[in-house]
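Enquirer: What follows is a single structure, and I will ask about it in a moment.
Since every read-out is calculated from the coordinates, none of them should be taken as a lab result. In this text the structure is predicted, and so the values were computed from the model without any measurement. Cβ placement follows ideal geometry from the backbone for every residue including glycine, while neighbour counts extend to all protein chains displayed.
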């Protein structure tokens, strides 16, 4: 049987029961379960203002739109970001009419504080920090750097649902945190996400922006009283980016098991670390918050990465690569050569299979095949 890099696990009966409530109520859209999920996420994370979205990509875009309007960012405004991420992180900057500026990563595969500081100019308005694989990296130093220069910090926590630092959900100090509940994430649905703020005014604005600029959502209008409950105002140009109750139903069940599932992922990671600890020719990407990381990814680095991928595929093992340096893509090619550490990592990174269906025997088989390749 093939061993895949990422694979969701759904508690099907519980999930169908949650969805059944939506169907029986006749409410599958925004509201109802989305409100419940927002409340439960607040309890779990400690973030006061949470809004359930169609995707994390939408959330990153909206975070920038909110701050652009609040802080009056102009056309020349720059957001420092990483080239070693899924393209949605950097696409979101372009969606908002802002300019992405790549800074290099460190051995954690997260943005280096020194590299960030080297790119700060009077045009810099924010840092997009990606907690890749659930890794906090040198997050605390980035927080202090953003405070020092009075720039916004947006945490792309797509991989970091349940990833903690000092016992709290990662991101408490950020201006905005965005999570992904996409199909293979630690808290899986089909596709959805959450955007979290500390201030009510930002939450109120983002709720209008996710619903076409309308100041009253359909669920609220349905619950209202009076002959004019249908009336609403359109206060600004918004988008169609809110989540729905079917996805929220799936999320509520996944959230129930998130702690347990992340603990198992850390167990899988520890098995890999044990079996690969003394293997010459590879290095393991360490998580600075290893005991509290969501462990969405387990990454190693080695020379001859592409040859290893071919060899493992021939043995029904299908790892991944997270990620290709974005400056290799045509859209971002003008920044090629700026980040040599990212470029080198891009050629060496392999994500080994890590999910809830991976057993100790699977880990041993994957590691043995890696050793076979290195010893060939």
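Enquirer: Between residue 283 and residue 235, what FRET efficiency follows from the Cβ-Cβ distance if R0 is 41 Å, with the result rounded to 0.05?
Expert: Once rounded, the FRET efficiency stands at 0.20.
Enquirer: Going by C-beta contacts inside 10 Å, put 346, 180 in order with the fewest on the left.
Expert: Ranking 346, 180 by Cβ neighbours within 10 Å, fewest first, gives 346, 180.
Enquirer: Using the 10 angstrom Cβ neighbour count as an exposure proxy, how do 179, 47, 373 rank, fewest first?
Expert: Listed from fewest to most nearby Cβ atoms, that is 373, 47, 179.
Enquirer: Hey, in the GNM for the chain with a 10 angstrom Cα cutoff, which one of 65, 307, 38 fluctuates hardest?
Expert: Checking each option, the largest mean-square fluctuation is seen for 307.
Enquirer: Which order do peptides 113-124, 328-339 fall in by mean Cβ count within 10 Å, highest first? Write out the running numbers ahead of the final one.
Expert: Numbers: 113-124: 16.0, 328-339: 13.8.
Result, highest mean Cβ count within 10 Å first: 113-124, 328-339.
Enquirer: With springs only between Cα atoms under 10 Å, which of 169, 267, 150 fluctuates most in a Gaussian network model of the chain?
Expert: Highest fluctuation among the options: 150.
Enquirer: Separate question: Considering only DSSP beta bridges where both residues belong to the chain, give the percentage that are antiparallel (nearest 5). Numbers along the way, then the final one.
Expert: Details: 23 of 41 bridges.
Close to 55 percent.
Enquirer: Comparing 42, 103, 56, which has the greatest mean-square fluctuation in the GNM of the chain with Cα pairs linked when under 10 Å apart?
Expert: Result for the chain, Cα springs under 10 Å: 42 fluctuates most.
Enquirer: How high is the relative contact order of the stretch 240-314? Use alpha-carbon pairs under 8 Å, at least six apart in sequence, and give a whole percent. Before the final figure, lay out the partial values.
Expert: Values: 32 pairs, mean separation 22.0, N = 75.
Relative contact order here is 29 percent.
Enquirer: Could you work out the mean projected area of the convex hull around the alpha carbons of the stretch 31-120, in square nanometres to one decimal? Write out the running numbers ahead of the final one.
Expert: Details: hull surface 29.3 nm².
Hull-based average projected area comes out at 7.3 nm².
Enquirer: Here's a follow-up. Can you tell me the 0 to 90 degree angle between the C-alpha axis of helix 33-45 and the longest principal axis of the chain, rounded to 10?
Expert: 60
Enquirer: Hey, another quick one. Can you pull the one-decimal nm distance between simple spin-label points at residue 376 and residue 71, each 7 Å off the Cα toward Cβ?
Expert: 4.9
Enquirer: Compute the angle between helix 200-209 and the longest alpha-carbon principal axis of the chain, please, reported from 0 to 90 degrees and rounded to the nearest 10.
Expert: 90
Enquirer: Taking the Cα centre of each part, how many Å lie between the stretch 300-363 and the stretch 1-16?
Expert: After rounding, the separation between the Cα centres reads 23 Å.
Enquirer: Please work out how much length the chain gains when fully extended from residue 9 to residue 291, using 0.36 nm per residue of separation minus the C-alpha to C-alpha distance, in nm with one decimal.
Expert: Between residue 9 and residue 291, full extension yields an extra 99.3 nm.
Enquirer: Can you give the FRET efficiency for residue 24 and residue 190, using 1/(1 + (r/R0)^6), R0 = 30 Å, r = Cβ-Cβ distance, to the nearest 0.05?
Expert: Computed FRET efficiency for residue 24 and residue 190 comes out at 0.90.
Enquirer: Over the chain, what is the relative contact order in whole percent, taking alpha-carbon pairs under 8 Å and six or more residues apart? Don't skip to the answer; put the middle values down first.
Expert: On the way: 752 pairs, mean separation 90.4, N = 376.
Once normalised by length, the contact order is 24 percent.
Enquirer: Using the alpha-carbon atoms, what tilt in degrees (0 to 90, nearest 10) does helix 360-375 show relative to the longest principal axis of the chain?
Expert: Around 50 degrees separate the two axes.
Enquirer: Just want the ordering: 316, 233, from fewest to most Cβ atoms lying within 10 Å of their own Cβ.
Expert: Ascending number of Cβ neighbours within 10 Å: 233, 316.
Enquirer: Ok, one more. Before rounding to the nearest 500, sum -39500 (n - 2.57) across all DSSP H runs of length at least 4 in the chain and divide by the residue total; then give [θ] at 222 nm in deg cm²/dmol.
Expert: Mean residue ellipticity, 222 nm, calculated: -12500 deg cm²/dmol.
Enquirer: Quote the relative contact order of the stretch 258-375 in percent (integer), defining contacts as alpha-carbon pairs under 8 Å separated by 6+ residues.
Expert: Over the stretch 258-375, the number comes to 35 percent.
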